[in-house]
């Protein structure tokens, strides 16, 4: 999938152009029409899933989770995570710790 490829490439720090013979705006319109989200929104959702997975590694700090999940810092990760998950990464982690300890 193009979004997964973009996500992996952006995390790897490499940029590779894909010749789709469409303008950026055309691509965004098609994403919205067929997927009901922009390419950036889909990438951020994938990153939030990765944050959730990394938060289950309880020994990792939030900065380490942010770095491993493709975010520049924990503050930006928290902003995006809250937007998509409805809670902060710290609250998500506390909830999971309680769930796993009981």
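The values are calculated or read from the model by the stated rules, or taken from the named source; none is laboratory data. The shown structure was predicted, so the numbers you read here are calculated from the model rather than taken from an experiment. Please note: Cβ atoms are built from the backbone with ideal geometry, for glycine as well, and neighbour counts cover all protein chains shown.
What are the pairs, 6+ residues apart or on separate chains, where a residue within region 37-60 that is modelled with pLDDT under 95 has its Cβ under 6 Å from a residue that is surrounded by fewer than 17 Cβ atoms within 10 Å (Cβ to Cβ) and assigned to a loop (DSSP other than H, G, I, E, B)?
none
For region 73-102, how many residues are closer than 25 Å to residue 35 by Cβ and modelled with pLDDT under 95?
0
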